[in-house]
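Participant: After the structure tokens below, expect a handful of questions from me.
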Amino acid sequence: MLLDQMPDVQRDALKEVSNIGVGHAATALSKMIGRRIELFVPRVLVTPLADVPACLGGAETLMAGIFLRILGDARGSIMLLFPQASASRLCGILTGCEQELLENQVAVSSLKEVGNILASAYLNALGDLIGKKLLPSVPCFAYDMAGALVDTLLVEVGRKSDLALMVETEFGGEIDSDTSIRGHFFLIPDPETYEAFFSVATGD
Amino acid sequence: MRVGIAEYRTARGPAVLRASGLGSCLAIVLYDPRRALGGMAHTLLPGGRGQDEVSNPVKFADLAIELMLKDLVGMGAERQALVAKMAGGANMFASDFLSLVDGIGVRSAHSAREVLSRLQIPLLGEDIGGNRGRTVEFDLATGHLLVHFARDKTRLCL
């Protein structure tokens, strides 16, 4: 199937699937930090590789990234991106004091654990919907330019495709206040297993 | 001038070519100092030779260099005068568990070195690997390749 000719029904199905998955993930996060977490409308992005960093808010914006591979019956990657201030606040809530991201192993571990819990909740829900067993790898963490973080995602996609398919959901807690936490959740299926992720749309 | 992933651009001095937010990606520059004529490729993967479907060859380090070389010679660069530099190829998410993406940047650099050596283009400088993202700027007036590290706000000049 050609990605740039993806029918609307598949786009909508991907949005819906991702919304449900991120819904489960947001509930998990909400329980962990004791805040209400809201979801924004998901976006399905089909873009040339060169345009991916711009979709993430600019190649040079510093972000905290948690990266996991999806293992099991369908393959892909999950990336959670938090702007610097949100990542610090999240660490603050989890560890009791706001931390310098790089200096503190406890802060990094707590963010990895957030990634692990969110990805597990997401993949459980997604796996049930598409009838596949999906497992998250061990989470990896990096704090750097958004463009540099997403290179890691594009390596798998770029082997087989010139276009990247990403399902993005933005989420946040107390989004109108100075203490807001915002993050972006990305699902990036490997091109070899697109069909598995789309099966929910066709009912196969 | 911005050079995005899987793209290359050629230009004459005093233009500046820029690739921002390089992680495991590699920026390779070729330069004819006498004519202040050069190019930058921003590649994602190591060798593309032997792949069945090479849709956009510029995403591969080896094929991008060959295409850029051809373009530069077409623009009037002297084949024997050309020199190269490169930067990038970091391993952003260092981990024992992700062998799939582990070391892809270093492999890209290896592939680039091989093709440069085969084409007899001297590699004058490189800054490869590590776990920090880079933004690179290639000044076609001077031939300097400036490497910025956003995370700790340091830079170096190749």
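Participant: Can you pull out the residues in segment B:116-158 that are loosely packed, with under 15 Cβ neighbours inside 10 Å and among the acidic types (D, E)?
Facilitator: B:D152 - this is the single residue of segment B:116-158 that is loosely packed, with under 15 Cβ neighbours inside 10 Å and among the acidic types (D, E).
Participant: Another one. Please find, within segment A:72-82, the residue that is nearest to A:E192 (Cα to Cα) out of those that are more than 10 Å from chain B (Cβ to nearest Cβ) and open to solvent by 10 Å² or more (accessible area, probe 1.4 Å).
Facilitator: A:D73
Participant: Inside segment A:38-70, can you point out the residues that are assigned to a loop (DSSP other than H, G, I, E, B) and within 24 Å of A:Q10 (Cβ to Cβ)?
Facilitator: Kept after step one, since they are assigned to a loop (DSSP other than H, G, I, E, B), are these residues of segment A:38-70: A:40-42, A:56-61.
Hits for segment A:38-70 are A:F40, A:V41, A:P42, A:L56.
Participant: Report the residue count in segment B:18-49 for those that are closer than 20 Å to B:A109 by Cα, away from chain A (no Cβ under 14 Å) and open to solvent by less than 10 Å² (accessible area, probe 1.4 Å).
Facilitator: Adding up the residues that qualify gives 5.
Residues checked against (1) open to solvent by 10 Å² or more (accessible area, probe 1.4 Å); (2) within 14 Å of chain B (Cβ to nearest Cβ):
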| site | (1), (2) |
| --- | --- |
| A:I117 | yes, no |
| A:Y122 | no, no |
| A:L129 | yes, no |
| A:K132 | yes, no |
| A:P139 | yes, yes |
| A:M145 | no, yes |
| A:L149 | no, yes |
| A:V155 | no, yes |
| A:G158 | no, yes |
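Participant: Assuming A:I66 fulfils every condition listed in (1) more than 14 Å from chain B (Cβ to nearest Cβ); (2) buried (at least 18 other Cβ atoms within 10 Å of the Cβ) apart from one, which condition is it?
Facilitator: (1)
Participant: Name every residue in segment A:160-200 that is basic (K, R) and either within 10 Å of chain B (Cβ to nearest Cβ) or out of contact with any strand residue (DSSP E or B) (no Cβ under 8 Å at 6 or more places or on another chain) (or both), in order of residue number.
Facilitator: Hit for segment A:160-200 is A:K160, nothing else.
Participant: Select, from B:E78, B:E7, the only residue that is open to solvent by 40 Å² or more (accessible area, probe 1.4 Å), in contact (Cβ under 8 Å) with a residue 12 or more places away in the chain and either within 14 Å of another protein chain (Cβ to nearest Cβ) or under 20 Å from B:V106 (Cα atoms) (or both).
Facilitator: That would be B:E7, the only listed residue that is open to solvent by 40 Å² or more (accessible area, probe 1.4 Å), in contact (Cβ under 8 Å) with a residue 12 or more places away in the chain and either within 14 Å of another protein chain (Cβ to nearest Cβ) or under 20 Å from B:V106 (Cα atoms) (or both).
Participant: Would you check if A:R35 is in a loop (DSSP other than H, G, I, E, B) and among the basic types (K, R)?
Facilitator: Considered against the rule, which asks whether it is in a loop (DSSP other than H, G, I, E, B) and among the basic types (K, R), A:R35 comes out as yes.
For every residue, the table says whether it meets (1) away from chain A (no Cβ under 14 Å); (2) part of a helix (DSSP H, G or I); (3) at negative phi.
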| residue | (1), (2), (3) |
| --- | --- |
| B:V106 | no, yes, yes |
| B:S111 | no, yes, yes |
| B:L116 | yes, yes, yes |
| B:R132 | no, no, yes |
| B:V147 | no, no, yes |
| B:R151 | no, no, yes |
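The values are calculated or read from the model by the stated rules, or taken from the named source; none is laboratory data. Keep in mind it's a predicted model, so treat the numbers as computed, not measured. Note: ideal-geometry Cβ built from the backbone for every residue, glycine included; neighbour counts use all protein chains shown. Ligands, DNA and RNA are excluded from the accessible area calculation, which covers all protein heavy atoms including side chains. Shrake-Rupley method; radii C 1.70, N 1.55, O 1.52, S 1.80 Å.
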